[in-house]
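The structure under discussion appears below in the form of structure tokens.
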Amino acid sequence: MHRLTEIIRHDMVPALGVTEPGAIAFASAKVRTLLDGNLKHLTVSMNSGMYKIAYSCGIPGTSEVGAVFAAALGYVAGDPEKQLEALHQITPQDVEAARALVRDGRVTAGMTEFSSRIVITVREIRRCFT
């Protein structure tokens, strides 16, 4: 029983709001640290469970819901050092900047697989070929 308690404690981390949008925001914030800041298009892919829950969950500090907005806000203002609390210091200006990304169609989200395995993939698309 002691080993099980250790595993549970190791897996539990603080989260701001529902964990699925928080995880998406964290992943997007992490991607931002790897880019030059000139975002063309951000796409988030996730497993079915993540997608289903994130679809309608509210984003703390905003009146918005969903994976697309969580990804946009995470990219704009997320602090990857805070992990699932990445959106802990967002401002009204950050919310407006994220809304602009969503409105311009520069952030999309979709489901990649039906699975209980947690998957979040965030990619920045620089070039589109038709």
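Sort 120, 53 so the one with the fewest other Cβ atoms within 10 Å of its own Cβ comes first.
Numbers: 120 21, 53 15.
Ascending number of Cβ neighbours within 10 Å: 53, 120.
What does the highest-first list of 63-73, 104-114, 41-51 look like by mean Cβ count within 10 Å? If you can, show how the numbers build up before the last one.
Numbers: 63-73: 24.5, 104-114: 14.9, 41-51: 20.4.
My ranking of the peptides, most packed first, is 63-73, 41-51, 104-114.
Would you mind ranking 62, 121 by Cβ crowding within 10 Å, fewest neighbours first?
121, 62
Near the amide H of residue 87, under 5 Å away, which other amide H atoms are found, from residues 5 or more places off or on another chain, if H is placed in the peptide plane?
Here the answer is 79, since their amide H atoms fall under 5 Å of that of residue 87.
Of all DSSP beta bridges located in the stretch 16-125, what percent are antiparallel, nearest 5?
Working: 7 of 13 bridges.
Percent antiparallel among DSSP bridges in the stretch 16-125 is about 55.
Amide H of residue 120: which non-local residues (sequence gap of 5 or more, or other chain) have their own amide H closer than 5 Å, using H built in the peptide plane?
The answer is none.
Using the basic label-point model (7 angstrom from Cα toward the beta carbon), what is the residue 112 to residue 38 distance in nanometres?
The two pseudo-label positions are separated by 2.7 nm.
Let me make sure I get this right: for the stretch 16-125, a, b and c are the square roots of the gyration tensor eigenvalues over alpha carbons, sorted descending. Under 1.5 in a/c it's rounded, otherwise prolate if a/b > b/c, else oblate. Which is it? Please list the in-between numbers first.
Values: a/c = 1.44, a/b = 1.22, b/c = 1.17.
Cα axes put the stretch 16-125 in the rounded bin.
Where a number appears in this text, it was derived from the coordinates with a stated rule and is not lab data. Everything numeric in this text was worked out from a predicted model, so none of it was measured. We place every Cβ from the backbone using ideal geometry, glycine too, and count neighbours over all the protein chains shown.
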